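Encoded as structure tokens, the structure appears first; notes follow it.
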Amino acid sequence: MLVAHVVRYFPEYASAQQAVAEGRIGKPGIVRLTRASYRPKKPVGNWFLDESKSGGILMDLMIHDYDYARWIAGDVESVFAKKITQGHPDSPVDYGLAVLTHKNGALSHIAGGWAYPPPAFRTSLEIFGDSGLIEFDSDDTAPIQNLLASLGDSDSPDVAIPSSPVSESPYTTQIREFYNALKTGTQARVSAADGLAAVQIAEAAIQSAQSGSAVHLDQLAEVGA
Amino acid sequence: MKIGIMSFAHHHAEAYIHNLAAIPGVDLAGVADEDSQRGRKFAQQFNTTFYASYQDLLAAGLDGVIITSENSKHRPMVEMAASAGVHVMCEKPLATTVGDAEAIVNACDRAGVILMTAFPMRFSAPLVAIKTRLDAGELGQVYAFNATNQGELPTKHRPWFVDKTLAGGGAVADHTVHLVDIMRWYLGSEVSEVYTQVNRIFHADEVEVETGALEMLTFRNGVFATIDASWSRPPYWPTWGGLAFEMITERGAVIIDAFKQNLTLYTHQLERPVWSYWGSDANQAMVNEFVEAVRENRPARVTGEDGLRAVEVVEAAYRSAGTGQSVRVEK
């Protein structure tokens, strides 16, 4: 089984992971990941905004970065999270913040936003290690800036998709790796157990936001200790 | 007006002396330091009188003093200045315990002297611009902050910053109070709960205090905020660190980087880019305010109570870090 955590296939994220794996910045101590855009549109029947279907911002949007944080700093032991719509269910914007404590002592700060005016979509990562640091910001690294007059009807997509022009779409890279995994039996970079572990973190984040307390994660039998 | 400096333990003393020199009618009346070698050195450097004891300095007819000692020594020095009837600007954090911070506030209240906590960010031009827009209602209701006050290991300035007794802790004690004060100022609300996780992965072999810290605060009005207080910047970063935050409101978000007004400077001398700050000097505006408050004999715009409230949050942050759970801020 393959889980489409496509962020692992984005070249900036894959490249940062490789630098960490090569020991370029030493042991990660703090990992900061943000992902923010506008609220998914289509008010009628929009499953992104239906918490029972999408899980809301702490599940649907931020799960990408829970998974990435695990890829960088390993398994997570406890989660503390909050989101705007917990206290303000009718708020026009939503924003979630989560603090993950990894088993090895590293800490991750995950921020997810459905708060910006369309078509804004920003992602960033900072990985602070004991012998270096990696930074990425989608705005700062955008190779093209458009300062063009509107052509009139310039509607933004219903759901924001991040993109920086690259020769192969990360979605294509993902499908290609999955295809190769099925065809030749090689291991894809995301396992089913990774997908499960990310859902466990997301559920803990939702539970933490509801209760106001930190949530300790049980060891998953499917994920190696 | 005559202003003195008590202790050069904190490197900000040097900056404040330059700020005082820029204000017409203000004289640096003298300095005192329990480390007499250090005190004499700076007295000579700034061409002022060195007093052998703090009492001697306070007896020299001062209008005000700036206290820049180690954090844990603020209390006895503020109490000394208050008994001498001298107005005080005290470096942040106001104290290393809530008990000491309360004693500091009470001593100045009883003596009827002005007590200002040195929170320069209240005078940062970009931060003031946002405060003005918030108060005008332009930004709508605030819901959350995602904030960072990261720095390099501060031992290059003074070794006591990583001494738990003198500093009150590590990165949490050093880097929590500025953002707490900014948020209190913006929101007009107090912190009710704090969740904190700390680690010691950066500089693990060099220091015994925490060097990494993530905190999540909840305010009484429901606003929640994270603070990254880590000493996570490497020494070869283009500048010392920074203070930045994203503020989420019902209208969207405002992203503020208080120290972004830099030139990027490349020089053969360093062979790496450095940032050369061209923004306004918040320290100057803060010292101006202290001098104005003394001249007009009125409370300063940042008070001792503001310093106390921030220390309460630091103490709660350490209690949370010890339990792994969110804790209430005790008043």
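The values are calculated or read from the model by the stated rules, or taken from the named source; none is laboratory data. Bear in mind the structure is a predicted one, so any value in this text is a computation, not a measurement. Backbone-built Cβ (ideal geometry, glycine too); neighbour counts: all protein chains shown.
Of the residues making up the stretch A:189-199, none is surrounded by fewer than 15 Cβ atoms within 10 Å (Cβ to Cβ) and over 20 Å from the mean Cα position of the chain (by Cα).
Based on this model, can you work out whether B:S276 counts as surrounded by fewer than 16 Cβ atoms within 10 Å (Cβ to Cβ), more than 9 Å from every other protein chain (Cβ to nearest Cβ) and in contact with a Phe, Trp or Tyr (Cβ under 9 Å, 6 or more places away or on another chain)? Here the answer is no, as B:S276 does not meet what is asked. Residue count for the stretch A:71-83, restricted to those that are within 14 Å of A:I206 (Cβ to Cβ) and facing chain B (nearest Cβ under 7 Å): 2. B:P126 falls short on exactly one of the conditions (1) of a type outside the set (D, E); (2) closer than 30 Å to A:Y95 by Cβ; (3) within 14 Å of chain A (Cβ to nearest Cβ), and that condition is (3). In this structure, A:T85 does satisfy being over 17 Å from A:H216 (Cβ atoms), part of a helix (DSSP H, G or I) and among the hydroxyl-bearing types (S, T, Y).
Tallying residues that are crowded, with 20+ Cβ neighbours inside 10 Å and not in a loop (DSSP other than H, G, I, E, B) within the stretch B:106-126 yields 10. Reported count of residues in the stretch B:165-199, each being charged (D, E, K, R), more than 13 Å from chain A (Cβ to nearest Cβ) and outside any loop (DSSP other than H, G, I, E, B), is 3.
Quick one: is B:I248 more than 11 Å from chain A (Cβ to nearest Cβ), in contact with a helix residue (DSSP H, G or I) (Cβ under 8 Å, 6 or more places away or on another chain) and either surrounded by fewer than 17 Cβ atoms within 10 Å (Cβ to Cβ) or farther than 22 Å from A:P28 by Cα (or both)? Answer is no for this residue. Taken over the stretch B:162-201, the residue count meeting the criterion of being free of Cβ contacts under 8 Å to residues at least 60 places away in the same chain and either among the β-branched types (V, I, T) or in contact with a Cys (Cβ under 6 Å, 6 or more places away or on another chain) (or both) is 2. Of A:D94, A:D139, all but one fail to be surrounded by 13 or more Cβ atoms within 10 Å (Cβ to Cβ) and among the charged types (D, E, K, R); the exception is A:D94. Evaluated against (1) closer than 19 Å to A:A111 by Cα; (2) in contact (Cβ under 8 Å) with a residue 60 or more places away in the chain; (3) of a type outside the set (G, A, S); (4) touching a helix residue (DSSP H, G or I) at 6+ places or on another chain (Cβ under 9 Å), B:F219 falls short on exactly one condition, (2).
The residues on offer are A:V79, A:V93, A:V99, A:V159, and the sole one that is in contact (Cβ under 8 Å) with a residue 24 or more places away in the chain and within 28 Å of A:L217 (Cβ to Cβ) is A:V79. Any residue at all in the stretch B:251-260 that is outside any strand (DSSP E or B), at the interface with chain A (Cβ under 7 Å from one of its Cβ atoms) and either under 20 Å from B:I182 (Cβ atoms) or touching a residue at least 40 places away in the same chain (Cβ under 8 Å) (or both)? The answer is no; no qualifying residue exists.
Once the stretch B:279-331 is narrowed to residues that are within 30 Å of A:G212 (Cβ to Cβ) and part of a loop (DSSP other than H, G, I, E, B), the residue that is farthest from the other protein chains (Cβ to nearest Cβ) is B:K331. Just one residue in the set A:A73, A:A142 is of a type in the set (A, V, I, L, M, F, W, C), in contact with a Ser or Thr (Cβ under 7 Å, 6 or more places away or on another chain) and in contact (Cβ under 8 Å) with a residue 24 or more places away in the chain; that residue is A:A73. If only residues of the stretch B:202-229 that are part of a loop (DSSP other than H, G, I, E, B) and within 7 Å of chain A (Cβ to nearest Cβ) are counted, the one that is nearest to the chain's Cα centre (by Cα) is B:F202. For A:S124, all conditions in the list (1) at the interface with another protein chain (Cβ under 8 Å from one of its Cβ atoms); (2) under 16 Å from A:A14 (Cα atoms) hold save one; what is the number of the exception? In the conditions (1) at the interface with another protein chain (Cβ under 8 Å from one of its Cβ atoms); (2) under 16 Å from A:A14 (Cα atoms), A:S124 misses (1) alone. Residues in the stretch B:230-241: is at least one in a strand (DSSP E or B) and either more than 8 Å from chain A (Cβ to nearest Cβ) or closer than 28 Å to A:K83 by Cα (or both)? Yes, some residue in the stretch B:230-241 is in a strand (DSSP E or B) and either more than 8 Å from chain A (Cβ to nearest Cβ) or closer than 28 Å to A:K83 by Cα (or both).
Scanning the stretch A:135-190 for residues that are among the charged types (D, E, K, R), more than 30 Å from B:P234 (Cβ to Cβ) and in a loop (DSSP other than H, G, I, E, B) yields A:D153, A:D155, A:D158, A:E168. Within the stretch A:50-62, is there a residue that is at pLDDT 95 or above, crowded, with 22+ Cβ neighbours inside 10 Å and touching a helix residue (DSSP H, G or I) at 6+ places or on another chain (Cβ under 6 Å)? Yes, that holds for at least one residue. Scanning the stretch A:96-110 for residues that are under 20 Å from A:S213 (Cβ atoms) and facing chain B (nearest Cβ under 7 Å) yields a count of 5. The residue that is nearest to B:Y318 (Cα to Cα), counting only those in the stretch B:160-175 that are surrounded by fewer than 24 Cβ atoms within 10 Å (Cβ to Cβ) and among the charged types (D, E, K, R), is B:K164. Determine whether the stretch B:181-190 contains at least one residue that is of a type in the set (V, I, T) and buried (at least 24 other Cβ atoms within 10 Å of the Cβ). Yes, that holds for at least one residue. For the stretch A:186-207, the count of residues that are within 18 Å of A:S108 (Cβ to Cβ) and of a type in the set (S, T, Y) is zero.
Among the residues of the stretch B:11-35, those that are crowded, with 19+ Cβ neighbours inside 10 Å and within 12 Å of B:M286 (Cα to Cα) comprise B:Y16, B:N19, B:L20. In this structure, B:H268 does not qualify as within 12 Å of another protein chain (Cβ to nearest Cβ) and assigned to a loop (DSSP other than H, G, I, E, B). When residues in the stretch A:97-134 are screened for being closer than 20 Å to B:T196 by Cβ, in contact with a Lys or Arg (Cβ under 7 Å, 6 or more places away or on another chain) and surrounded by fewer than 24 Cβ atoms within 10 Å (Cβ to Cβ), 1 of them pass.
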